[in-house]
Amino acid sequence: MAYDRPSWREIDKAKDQSGRRKRRNKDKKDLPQHSTRYDKYKSDLNRLFDQGMAGDLLKKEEAKEPEPPPQKTTPRGKTKTAVATRKGNGRIPKNRKAATSRLKLFRAVVDAVDSESLNLALDELCEKFGLPDDWQVLARVLEYHDEKMIIQAVQKMKNLLPTTVKIPRRFTLKERLRSIGQTAVDQELRNLAREFEELL
């Protein structure tokens, strides 16, 4: 009885098909962090949050899911009753429109290309919400035209420094502080910038 051995062409074809399957399975796994698909996914998410549509999508998803049936429990002695609080986890502000506009202003400050758009975005942010405790926004305040606000930003960063694990763009921040320490008109700002640069 003759043994039916596959030809080399059939063996190569089988290898090619198994390689394709492996690549397909690999593509279906998690996206690598710096792929173009990941960047597009991230930008789409940012757009959803900036436009305030994320809450609407969550409402639609919650409406689709049926509520689980209530569980019957028998009391075993005294139980503590929870204090009624507002809906949410405490981090969601009561006014969603204000929260989304605040995030939009944060993004406008961080993404500002020229000094005019930066100054307008910072003016609006500080007028509506005050100077935030966000490192990226505070770092951009160092490019602002008003030295009083720069002093406030440097003092805030100095107060945040002990609780901050990682400072974003530390080298760029040090260079800006060095420049301010040399060119600022206000002597207090010059001294403050030099002190903070040494702390970094």
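Throughout, read-outs are computed from the coordinates displayed, never taken from laboratory work. Note that the structure is predicted; figures quoted are calculated from it, not measured. Positions of Cβ are backbone-derived with ideal geometry, glycine not excepted, and every protein chain shown enters the neighbour counts.
Going from the residue with the fewest nearby Cβ atoms within 10 Å to the one with the most, Arg140, Arg194, Arg9 rank Arg9, Arg194, Arg140. Among Leu118, Leu48, sorting on how many other beta-carbon atoms sit within 10 Å of each Cβ, with the fewest leading, yields Leu48, Leu118. Taking 0.36 nm per residue of separation and subtracting the current Cα-Cα distance, fully stretching the chain between Arg102 and Lys174 would add 23.2 nm.
When Lys156, Lys40 are sorted by how many other C-beta atoms sit within 10 angstrom of their C-beta, beginning with the fewest, the order is Lys40, Lys156. Since only Met149, Leu125, Phe196 are under comparison, the one whose Cα sits farthest along the positive direction of the charge dipole of segment 119-200, derived from C-beta charges on Lys, Arg, Asp and Glu, is Phe196.
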